[in-house]
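Colleague: Structure provided below as structure tokens; questions to follow.
The values are calculated or read from the model by the stated rules, or taken from the named source; none is laboratory data. Remember, it's a predicted structure, so these values are computed and weren't measured experimentally. Here the Cβ positions follow ideal geometry from the backbone for every residue, glycine too, while neighbour counts run over all protein chains shown. Keep in mind that these areas ignore ligands, DNA and RNA; they rest on the heavy atoms of the full protein, side chains included. Shrake-Rupley method; radii C 1.70, N 1.55, O 1.52, S 1.80 Å.
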Amino acid sequence: MYLSSPKNFLYQYRYKVFLVPLGGLRGLLIQTPMNSFLYRIAQAYYSEFKESISNLTFVFPNRRAGLFFQRYISQIAAKPIFSPEILTINDCFSLASQWQTADRLSNLFRLYRIYIEQSGSDETFDSFVFWGEMLLSDFDDVDKYLVDARQLFTNITELKQIDQLFNVFSDKQVEAIRQFWSNFVPVTEGKTSEDFIATWKILLPVYQQFRDELIAENTATEGMICRAVAERLRAKEEIPEFSGKQFIFIGFNALNPCERTLFAELQKRGQADFYWDYDATELRDSENQASRFYAENIHVFPSKYTIEPMVESLQDKEIELIAVPSAVGQTKQVYSILNQLYPTENTDELSTINYQLSTNNWIDTAVVLPDESLLVPLLHSLPAQIGKVNVTMGFPLKSTPVSGLIEHIFELQRRIRLSGDRVSFYHQTVSNILNHQYIALLCSNEANRLTHQIAENNWIYIDAEELNKNTLLAAIFVAQTDTQTLLPYLLHILRSLQNGWQQASDNEHNYQLECDFLYQYYVTINRMADIMKAKPMNVNMSIDTLVRLIRQLTASITIPFVGEPLDGLQIMGVLETRGLDFENLIITSFNEGIFPTKSSSNSFIPYNLRRGFELPTTEHQDAITAYNFYRLIHRAKRIFFLYDSRTEGMQTGEVSRFMHQLHYHYGVQVQEKTVSFDIGFGSPQAIQIEKTPAVMEKLLRFTSSEEFSPSLSASSINTYIDCPLQFYLTQVEAVEQTDEVLETVEASMFGTLFHAVMENLYKPFKGQIMNESDFDLLISNSLQIDKEITYAFATKYFKKKNNMLVALEGNNLLIASVLRKYILQVLKIDKKRAPFRYISSEERCNIQFPIQNGQLKINLKGFIDRIDEKEGRLRILDYKTGTGKLDFKNLDEVFEHNKENRPKFVLQTFLYGLFYKTKAVNRTITPGIFYIRDVFKDDFDTELTNKELKEKVTDFAAYEDDFGLHLSDCLEEIFNHEIPFGQTKNVKICQYCPYTGVCNR
Ligand code: SF4
């Protein structure tokens, strides 16, 4: 597979090249794309100008369209000719400017310094970075849209006007804008509307000084270059670089005022011709946003030659809409579609597509990725028959594996421990690095050895010397406490990685992609290091600030993959499709919010002001996306739309609005398909662990009566029933799971805190009757409750000893108040039940359960959350943090393998019944569940219900024998050496399993 490196892009695109007819030297087989827009213009121009076409200048919105056009001319000419000049619109402006485009990072530093000078603020650089980027892009818009900056930044005369402008923003946006303004001039009490206006006015001197300084250095932003050229043209100035040239502008749609000026002035001088791709009726339909710029463009800038429209009607296309419940899963579906489009003899998939293409014609097919982060999984999921792949898109640097590794390194440094000369690293951060795909590949032996060593010795902090036995690891595990050394340290790691990849490369693997990622990261950090060395200002930066700055910068960088565009399967971003036509389109991430992207105002210039000054707004952006979409699809024959149908978390599973428009507005017939979760992933080999003598030996530790021998708990038995392999990994091999250090209180920690507070509140009443009055006292003693909550946080969450307390703040304070609310409600519920005897909480129980006719006795253990007694009935309760059900069908269901929604809680409470029966002489045991989340429900209850018998479980004795038999069968199975530990057959069970990586599920 060929993938061009970003380093290879530097060929001189603008200069004329000698075109050789296709089928000639390179022997590429490209079908004549007769209906292609670019082909037909090339044809019209060639038939008019023949070889003298090389005297013309063709201008396109993007590079790729220009290269296709160049290729079509060579195809039509059928003999060697000189190529015409091919430019992008940005090239066109740059051509006429003597300024160099200024580096973005330097611009940011410059803007910060100017801002500090103008505002007198003491804002730190890292808080400036976020809105500094926005300001840069606003300034760019001001220039590209030829806005009078003086008018814009002094336009607001009353505070009322500001508030009116704010009306169209969400609360969050208003907050952001207010924060931005208060950063300029902190708003204090008594400040008036004039202060706000003064704040706004600061933008003008900042903008002017920023421009003046750049110009003094012969540099400029893109917007400044466009503006200067447009203004010279308006002033009727002769621009030597344009003199004597004939420009043909092809495939444009939304024009900014600089572009409009360029077009108009060249038109007036008789130097311009224009071709617009508005062939499809949808692009001229006034009810479709896609047509927003159509009428004006064709009226103001008409074409010289008539190009007959050629369109594939929407109704004649084969369109499939495929729902895939996964983002990455879509790439597996692309694999399947490509295999069906281009079957080989070895293709084992049954083609449902009644059209099979020759594998020579990959160029007819484009895979469009509106979400760039799918690029890497896609490249790993392409069918083997694809010889060449062409990637033309920006890939976000932050989505690359190298970025992930650097994040782990930042975390490693954040949690470093220094004691005198000794440097040690926290085990979880070390493991994250050792498990990273790059490290696992480049130094797998050393990484494995260290991982085992850490687990074996239970090291919490690991000395740096233990970790430096390998060159790459030695580069990583070095303490960084100084901003001066952080960037060289990162550069050193990146170079070591690069060496590693080069050494790992062989005939089969060249790791080009990895090297490209590293290269881009290296370039970014290196550039930063240069700027820091140059010390453009007195920026006092902490290491955290520097890390945040690196994050900010890498988050905004995309890697510009630009492949040789006429060879192989085309993989593209949406913008790169402009001007191009394909017979087959596979469009992924066809979700609302991704294609089109969620409209968001990334600007500090309020919406109404933007409209007033004709700056682009979100509607403008929506219209451009709609145009790009309808233009792209209108000449395709087959289109596959794939979307992520999941509805959990941030996912809405909503298909793009364009699909609804196609369906309801244009009545397009779409074949809808749903792909099940694991389709296309292949069936990973089943894993089964035989109970060899060595495994049995480990297993039999659960039968030892020696002190500290391990025991099985209700939850480990439940794990076995769900998945024997998971049981084997956790209980028999005790494979390390993710560390339990929590940054915030999660559900399980909430439960732990709740348990601890309840236990401590009731401790003084152990063995005693609790009356209503006791509860009244407890409820009214909020100080006591708060003290217990703080204590629980200190001991359970912050793991403090010696009664040391920690002041709660932020999110933890919020959790504490929620916890208080629940505790109070439980006290109220218990008060209603009073009087009753409180027996104990967190009571540890152990038994030895006999199996195999008493030959083996299995150690079982458990902690009973709470036991109380009323009227001769012992309630054995288990607190559960969430909400849940209390009913079950029968005990068969409780012990059934692979069952979804199995009533596990029954096994747990019944096991506790078994544990406690010897202590409950002459008393009835009632097992129950206390769902904490349900305590506010009117019908709150703790008793279980047997649905089959339609009765409440009030007396465990009635179930004891049957439960004992089921438990015995289950334990017999676990300890039966003939039954291996296999994987669950129900993949839904794998969803929350920490070993999905092991099982490839
Ligand atoms: S991933 Fe699935 S099969 Fe593998 S151990 Fe976990 S639950 Fe069992």
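Colleague: Which one of 381, 424 is open to solvent by less than 20 Å² (accessible area, probe 1.4 Å) and in a strand (DSSP E or B)?
Modeller: It is 424.
Colleague: On to the next question. If I ask for residues that are closer than 15 Å to residue 947 by Cα and surrounded by fewer than 18 Cβ atoms within 10 Å (Cβ to Cβ), which ones from region 886-896 would you list?
Modeller: Selection gives 887, 889, 890, 892, 893.
Colleague: Is it the case, given these coordinates, that residue 320 is open to solvent by less than 50 Å² (accessible area, probe 1.4 Å), in contact with a strand residue (DSSP E or B) (Cβ under 6 Å, 6 or more places away or on another chain) and acidic (Asp, Glu)?
Modeller: yes
Colleague: Return the residue satisfying two criteria in turn: it lies in region 965-986 and is aliphatic (A, V, I, L, M) and loosely packed, with under 15 Cβ neighbours inside 10 Å, and of such residues it is nearest to the ligand (Cβ to nearest atom).
Modeller: That would be 979.
Colleague: Can you find even one residue in region 948-964 that is within 16 Å of the ligand (Cβ to nearest atom) and among the basic types (Lys, Arg)?
Modeller: no
Colleague: Regarding residue 854, is this residue at pLDDT below 90 and closer than 23 Å to residue 951 by Cα?
Modeller: The answer is no for residue 854.
Colleague: May I pose another question? More than 30 Å from the chain's Cα centre (by Cα) and either farther than 23 Å from residue 546 by Cα or of a type in the set (A, V, I, L, M, F, W, C) (or both): which single residue out of 463, 482 fits that description?
Modeller: Testing whether each residue is more than 30 Å from the chain's Cα centre (by Cα) and either farther than 23 Å from residue 546 by Cα or of a type in the set (A, V, I, L, M, F, W, C) (or both) leaves just 463.
Colleague: Now a separate question. Run down 74, 52 and say which single residue is farther than 30 Å from residue 213 by Cα, more than 41 Å from the chain's Cα centre (by Cα) and open to solvent by less than 10 Å² (accessible area, probe 1.4 Å).
Modeller: None of the others qualify; the one that does is 74.
Colleague: Still on this structure: Determine which single condition residue 922 fails, assuming it passes every other condition in (1) on the phi > 0 side of the Ramachandran plot; (2) within 16 Å of the ligand (Cβ to nearest atom).
Modeller: The number of the failed condition is (2).
Colleague: Could we say that residue 141 is at pLDDT 65 or above and open to solvent by 60 Å² or more (accessible area, probe 1.4 Å) here?
Modeller: no
Colleague: Among the residues of region 820-862, which ones are assigned to a strand (DSSP E or B) and among the polar types (S, T, N, Q)?
Modeller: Correct list: 840, 841, 846, 848, 859.
Colleague: Given the criteria surrounded by fewer than 19 Cβ atoms within 10 Å (Cβ to Cβ) and touching an Asp or Glu at 6+ places or on another chain (Cβ under 6 Å), does residue 95 qualify?
Modeller: yes
Colleague: Please find, within region 699-731, the residue that is nearest to the ligand (Cβ to nearest atom) out of those that are at pLDDT below 90 and more than 35 Å from the chain's Cα centre (by Cα).
Modeller: Restricting to residues being at pLDDT below 90 and more than 35 Å from the chain's Cα centre (by Cα), the top hit is 709.
Colleague: Is at least one residue of region 917-940 buried (at least 17 other Cβ atoms within 10 Å of the Cβ) and free of Cβ contacts under 8 Å to residues at least 40 places away in the same chain?
Modeller: No, that holds for no residue.
Colleague: Another question, if that's okay. In region 987-1001, is there at least one residue being within 16 Å of residue 894 (Cα to Cα), within 16 Å of the ligand (Cβ to nearest atom) and surrounded by 12 or more Cβ atoms within 10 Å (Cβ to Cβ)?
Modeller: Checked against the condition, which is being within 16 Å of residue 894 (Cα to Cα), within 16 Å of the ligand (Cβ to nearest atom) and surrounded by 12 or more Cβ atoms within 10 Å (Cβ to Cβ), region 987-1001 yields at least one hit.
Colleague: Please return the ranges of helices (runs of 4 or more DSSP H) entirely within region 41-121 where 2 or more residues are within 20 Å of residue 252 (Cβ to Cβ) and aliphatic (A, V, I, L, M).
Modeller: The qualifying helices (runs of 4 or more DSSP H) are 63-77, 89-95.
Colleague: Residue 899 fails exactly one of the following numbered conditions: (1) surrounded by 14 or more Cβ atoms within 10 Å (Cβ to Cβ); (2) away from the ligand (no atom under 16 Å from the Cβ); (3) farther than 28 Å from residue 824 by Cα. What is the number of that condition?
Modeller: Status for residue 899: all satisfied but (2).
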